[in-house]
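Supplied in structure tokens, the structure appears directly below.
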């Protein structure tokens, strides 16, 4: 039990037998004999081991800790699996939302172009000399001009985005 606990705690701390031996001022073979159960450290050495491991002596002498560590690892791995599944689901949901937003953007751009074509750009015939409507008409003209110049690029980007975010399989 002591030998298994020393070995398990040493490995969990990421120490080699040589590194532990240096910290305890003993030779590596001594650590090996303790871990094989061929010899037992004296009481002073048990205290030194517990200090190096930052573990109570009672833990070193107590129940076999390998099983509890395996149980802890199992619990941790199960929690990580749940977290990974949640993250994957969140990623899929975001991808679907983006996909439908891009489709909606394409529909809106296409509908706006259809409306502008149907109306045959009425701003060309407006009378800009009327001061009450001139500002509104200039603003509308500017927005239409900006839309006509940028919408094709946005539309192409949205179509590419739709293909990149489509469900595969």
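The values are calculated or read from the model by the stated rules, or taken from the named source; none is laboratory data. These figures come from a predicted structure and were not determined experimentally. With ideal geometry, Cβ positions are generated from the backbone for all residues, glycine too; neighbour counts draw on all protein chains shown.
Suppose we filter segment 1-41 for residues that are within 11 Å of residue 53 (Cα to Cα), out of contact with any helix residue (DSSP H, G or I) (no Cβ under 7 Å at 6 or more places or on another chain) and either surrounded by fewer than 17 Cβ atoms within 10 Å (Cβ to Cβ) or modelled with pLDDT under 90 (or both); how many remain?
2
Additional query: Taking the condition at pLDDT 80 or above and either touching a strand residue (DSSP E or B) at 6+ places or on another chain (Cβ under 9 Å) or part of a loop (DSSP other than H, G, I, E, B) (or both), does residue 93 pass?
For residue 93, the condition - at pLDDT 80 or above and either touching a strand residue (DSSP E or B) at 6+ places or on another chain (Cβ under 9 Å) or part of a loop (DSSP other than H, G, I, E, B) (or both) - is not met.
Name every residue in segment 112-127 that is part of a helix (DSSP H, G or I) and either surrounded by 14 or more Cβ atoms within 10 Å (Cβ to Cβ) or modelled with pLDDT of 90 or more (or both), in order of residue number. First the steps, then the outcome.
Just the residues of segment 112-127 that are part of a helix (DSSP H, G or I), to begin with: 112-119, 122-125.
112, 113, 116, 123, listed by residue number.
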